[in-house]
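Just so it is clear, none of the values below were taken in a lab; they were calculated from the coordinates. If you're wondering where the values come from, they're calculated on a predicted model, not measured in any experiment. Reconstructed Cβ throughout: ideal geometry from the backbone, glycine too, with neighbour counts over all protein chains shown.
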Amino acid sequence: MLKSKHLIGLENFPTSDLNKIIDTSFKFKEILEGSERKVNLLKDKTIVNMFFENSTRTKISFTLAQKRLGADSINFSSSTSSVKKGETLKDTIQNIDAMKIDGAVIRHGHPGSALKLTEYIDGAVINAGDGSHEHPTQAILDMVTLKEKFGKIKDLKVGIIGDILNSRVARSNIFALKKLGAEIVVCGPSTLLPSNAKNLGVNITYNIDEVLSWCDVVIGLRVQLERMHLGRIPSKREYHSEFGLTYERINKLKKDIVIMHPGPMNRGVEIDSKIADSENAVILDQVLNGVASRMSILYLLLADKSQKL
């Protein structure tokens, strides 16, 4: 299986484990595209999904992955839990663990929450997004999508556009892409780029047209509209003009590039509908690869050694 017991983040995650998850994802994608679409490799395993932040794609993707693997899946909602009555997160987690779960998927607004969870439960912990820290499973499904499209990731030129400063998706993608040998350029408003971006081993530009002319792949990040009141983005219209993946920008390129987006998209802000729905976009491929890659992660972390794929 994997060297790691948990999937907390990709910064210090073994490259061998990352490659094993990616390669195994393709086996699960074959299953998903077949007539059965279900394998009972995690029969008798119980997994709790602990989402303290809103989520649509990630939560549904994990729940479906668990069902496809034959696991018992429990969805925990903080809005209807005893947390609302004043119960501490520690007590909530320990009560859930006392019910003999095998693993937990957690999304929480505080960086480090997934790591903290490992102190309170015996099962495997999978980080589904912790604040602005990391979102490792999103990056893994992106790596699967890139390898499916290009047959490799090494030496690919990847541009990441948008709010790098606050994006856990950007951080995990940077860590994964670097481990697998890609070149990375980040681009966005100066107010949304981290001061230590160079320390992450990426190049920086404020000119989106330079990035698009250079890259093989561009990942557009969601504009976090909830941050607009902080004054870091003057307006949606100005952002779209300066950093949007517009039809005009993409159409004038003398080459085809692959368009990716982790969702949810703000159409007409960071990406035009014409681009999101174009043949160059692999956004829906990312969604299906999300189920396959999360099946791979769950299987490799939780399956008994006797359960062979």
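Observations
- In the chain, the longest principal axis of the Cα atoms and the axis of helix 283-302 are about 30 degrees apart.
- DSSP-defined beta bridges in the chain - what % are antiparallel, rounded to 5: 5 percent
- C-alpha long axis of helix 168-179 to longest principal axis of the chain, angle in °: 90 degrees
- DSSP-assigned coil residues among chymotrypsin sites (Phe, Trp or Tyr not before Pro) in the stretch 131-210, each with at most 14 further Cβ atoms within 10 Å: 206
- Computing FRET efficiency as 1/(1 + (r/R0)^6) for residue 191 and residue 115, where r is the C-beta to C-beta distance and R0 is 25 Å, gives about 0.30.
- Positive dipole terminus of the stretch 136-285, leading residue within 195, 140, 207 (C-beta point charges): 195
- Candidates 174, 32, 50 compared by Cα position along the dipole of the chain: farthest toward the positive end lies 32, with charges placed on Cβ.
- Loop sites in the stretch 243-309: GluC sites (Glu not before Pro), DSSP, at most 10 other Cβ within 10 Å: 279
- Per residue convex hull volume, Cα atoms of the stretch 47-195, in Å³: 135 Å³
- Close Lys pairs in the stretch 88-217 (alpha-carbon distance under 17 Å; sequence gap of 8 or more, or different chains): 15.
- A convex hull fitted to the Cα coordinates of the stretch 136-285 yields 100 cubic angstrom per residue.
- D_trans [Stokes-Einstein, Kirkwood Rh over alpha-carbon pairs] for the chain, 10 °C, 1.306 mPa s, µm² s⁻¹: 79 µm²/s
- Cβ-Cβ distance of residue 213 and residue 235, R₀ of 22 Å, FRET efficiency by 1/(1 + (r/R0)^6): the value works out to about 0.25.
- Among 204, 160, 47, the residue with the largest mean-square fluctuation in a Gaussian network model of the chain, with springs joining Cα atoms closer than 10 Å, is 204.
- On the basis of the beta-carbon distance and an R0 of 30 Å, residue 97 and residue 20 show a calculated FRET efficiency of 0.65.
- Residue exposure sequence - 97, 163, 91 - by fewest surrounding Cβ within 10 Å: 91, 97, 163
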